[in-house]
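A short write-up of the structure that comes next.
The values are calculated or read from the model by the stated rules, or taken from the named source; none is laboratory data. Quick caveat: nothing in here was measured; it's all calculated off a predicted structure. Glycine gets a Cβ as well: all are built from the backbone with ideal geometry, and neighbour counts include every protein chain shown.
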Amino acid sequence: MLEKNSVCRTRILGYSAQGLGVARVDGQVVFVHGGIRDEVCDVRILKVLKNTAFGKVTEVLESSGRRQTPDCPYYGRCGGCDFRHMTYEEEIWAKRQRVDDALQRLGGSPVVTERILGAEDPLHYRNKSQYPIAPDGRVGFYRARTHEVVETAGCLIQKPQADAAAQALRQYIRQFHVPGFDEGSGKGLLRHLYVRTNALGQSLVCVLANGDALPHEQELTELLRRAVPDAVGIVLGINRGRGNTILGKEYRTLWGSDVLTDTLCGLTFRLSVPSFYQVNRQQAQRLYELAVEYAGLTGSELVLDLYCGAGTITQVMARKAKEAIGAEIVPEAIADAWENARCNGLDHVEFICGDAAQAAAELARRGLRPDVICVDPPRKGLAPEVVESTAAMNPERIVYVSCDPATLGRDVARFAQLGYTVRRAAAVDLFPGTAHVETVVLLQREMVATGG
């Protein structure tokens, strides 16, 4: 029987969904921090539960050759990254296995990923950065599985512009003694710093606050503009909610513009603070190219894009379709999507502000049936009624773009019950260093054989 603080010798067999090593000791599964596949390690047990245990590597006795010295001084304290102790090749292997396991074990599908597209540059790729602010004014990132802020001078996956803005905000906090927000009491002012950066290095900076105004707004604006000279705008986001939701519903421009433009797949996109946009531009282009490939467009199809955000996939699909309709429940994102389509000269694109059921009802009212439906939901995946609404529209093909293999597997099983099965799958690494991975899956309607 495993005991806390005991040390056991074991071989690491593989990886969990969170990137932990997986071992078996006396028939019990042990999740091992710092574990790498095929290594024999001494593991100190940190926590023992009924059916599983957690531990960390204290010594490697047989190395796999896949281990490396972490390149970040905050690794193990900041919860942003999961794989900095292993080679990127091994990280890619782990992610592909995670997707295959989800499709087969959770989704009940025999299909495995055709390939995984790793990033050419796994550093400084995030074009959207979100820094929580502690009640005592620390600006950084959360420690793993907590809301304790670890202050960081720099981050290997964020853009330098974002880190510069964070440093300017620290200076503002110290100079003017502005309190951070306390989730427990609901008191304090500064909640998050949000920075979006485009391919040209221009940034949109948003400070999220628990109130309508900040003290010394002009001085804050000047500090941020000096730190991020290519900023196009600085925005105050108002969020008076008691939880840890980052964005609010009200925004006020302190200086410049409240939108940032970027190019993706040869198209131009106008992005406000609330607009959804993939955080890794280079890998997002490869992701969308896969989605278009799986959609099998010939120029005669009607495409419906659910969870369309600022209309990125909708417009990429529209270039090879007869018509494309995007649906999204965030009004600001729909406004951006319409403006994006206008700027890109796409007159066979339209957008509906609503959920999947509302989009389905609108298409039914017009007597339209989509040939292809693309879904790109948040990490929680599709609600059961969205799966049902999507299948009820009877498309020939469904392209599912997923950021969470577990909810993808669950939803694939639900679609199978409604007559749609997985035909192709591929993974794309948009989040190097972290346990997250994107997947594109093609689901096709099963053909029902008829007697002759």
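Could you check the stretch 138-159 and list, in sequence order, the residues that are within 19 Å of the chain's Cα centre (by Cα), under 28 Å from Gly201 (Cα atoms) and either in the same structural domain as Gln18 (by TED's automatic domain parsing) or not polar (S, T, N, Q) (or both)?
Scanning the stretch 138-159 gives Gly140, Phe141, Tyr142, Cys155, Leu156, Ile157, Lys159.
Filter the stretch 225-250 down to the residues that are outside any strand (DSSP E or B), over 23 Å from the mean Cα position of the chain (by Cα) and in contact (Cβ under 8 Å) with a residue 12 or more places away in the chain, then identify the one that is farthest from Cys206 (Cα to Cα).
Taking the stretch 225-250 as the starting set, the residues that turn out to be outside any strand (DSSP E or B) are 225-230, 239-249.
In the following step, the residues that additionally are over 23 Å from the mean Cα position of the chain (by Cα) were identified as 225-230, 240, 242.
Filter once more, so that each one left must be in contact (Cβ under 8 Å) with a residue 12 or more places away in the chain: 225-228, 230, 240, 242.
Values: Arg225: 12, Arg226: 15, Ala227: 14, Val228: 12, Asp230: 14, Arg240: 15, Arg242: 19 Å.
So, considering only residues that are outside any strand (DSSP E or B), over 23 Å from the mean Cα position of the chain (by Cα) and in contact (Cβ under 8 Å) with a residue 12 or more places away in the chain, the one farthest from Cys206 (Cα to Cα) is Arg242.
Run down Ala391, Ala383 and say which single residue is of a type outside the set (S, T, N, Q) and in contact (Cβ under 8 Å) with a residue 24 or more places away in the chain.
Exactly one of Ala391, Ala383 is of a type outside the set (S, T, N, Q) and in contact (Cβ under 8 Å) with a residue 24 or more places away in the chain, namely Ala391.
Filter the stretch 383-420 down to the residues that are under 17 Å from Gly296 (Cβ atoms) and within 22 Å of the chain's Cα centre (by Cα), then identify the one that is surrounded by the fewest Cβ atoms within 10 Å (Cβ to Cβ).
Among them, the one singled out is Val401.
How many residues, within the stretch 421-449, are hydroxyl-bearing (Ser, Thr, Tyr) and within 14 Å of the chain's Cα centre (by Cα)?
Within the stretch 421-449, the subset hydroxyl-bearing (Ser, Thr, Tyr) is 421, 434, 439.
Now drop any that are not within 14 Å of the chain's Cα centre (by Cα), which leaves 434, 439.
Total satisfying the criteria: 2.
Among the residues that make up the stretch 80-88, is at least one of them surrounded by fewer than 20 Cβ atoms within 10 Å (Cβ to Cβ), among the charged types (D, E, K, R), under 21 Å from the mean Cα position of the chain (by Cα) and more than 25 Å from Met1 (Cα to Cα)? First the steps, then the outcome.
Here is the first cut: in the stretch 80-88, the residues surrounded by fewer than 20 Cβ atoms within 10 Å (Cβ to Cβ) are 87-88.
Next cut, among the charged types (D, E, K, R) only: none.
Within the stretch 80-88 (the criterion being surrounded by fewer than 20 Cβ atoms within 10 Å (Cβ to Cβ), among the charged types (D, E, K, R), under 21 Å from the mean Cα position of the chain (by Cα) and more than 25 Å from Met1 (Cα to Cα)), the answer is no, since none of the residues qualifies.
With respect to Val25, determine if the residue is assigned by TED's automatic domain parsing to the domain that holds Glu59 and modelled with pLDDT of 95 or more.
no
What are the residue pairs meeting all of these: first residue in the stretch 159-179, first residue under 12 Å from Glu219 (Cβ atoms), second residue of a type in the set (S, T, N, Q) and buried (at least 24 other Cβ atoms within 10 Å of the Cβ), Cβ atoms under 9 Å, and 6 or more apart or on different chains?
Partner pairs satisfying both residue conditions: none exist.
Of the residues in the stretch 39-54, how many are among the small types (Gly, Ala, Ser) and either loosely packed, with under 14 Cβ neighbours inside 10 Å or free of Cβ contacts under 8 Å to residues at least 40 places away in the same chain (or both)? Spell out how you get there, then give the answer.
Looking only at the stretch 39-54, we keep the residues that are among the small types (Gly, Ala, Ser), and these are 53.
Next cut, either loosely packed, with under 14 Cβ neighbours inside 10 Å or free of Cβ contacts under 8 Å to residues at least 40 places away in the same chain (or both) only: none.
The qualifying residues number 0.
Name every residue in the stretch 263-285 that is farther than 16 Å from Lys320 by Cα and not in a strand (DSSP E or B), in order of residue number.
The answer is Val273, Pro274, Ser275, Phe276, Tyr277, Gln278, Val279, Asn280, Arg281, Gln282, Gln283, Ala284.
Given (1) over 21 Å from Pro405 (Cβ atoms); (2) in a helix (DSSP H, G or I); (3) acidic (Asp, Glu), identify the lone condition not met by Asp71.
Answer for Asp71: the failing condition is (2).
Which of the residues spanning the stretch 78-96 are in a loop (DSSP other than H, G, I, E, B) and of a type in the set (Phe, Trp, Tyr)?
Just the residues of the stretch 78-96 that are in a loop (DSSP other than H, G, I, E, B), to begin with: 79-85, 87.
Hit for the stretch 78-96 is Phe83, nothing else.
With respect to Arg379, determine if the residue is out of contact with any helix residue (DSSP H, G or I) (no Cβ under 6 Å at 6 or more places or on another chain), assigned by TED's automatic domain parsing to the domain that holds Ile352 and in a loop (DSSP other than H, G, I, E, B).
So Arg379 fits the description; yes.
Being in a loop (DSSP other than H, G, I, E, B) and β-branched (Val, Ile, Thr) is the filter here; which residues of the stretch 1-36 pass it? Give the derivation first.
Narrowing the stretch 1-36 to residues in a loop (DSSP other than H, G, I, E, B): 1-6, 12-13, 16-20, 26-27, 34-36.
The answer is Ile12, Ile36.
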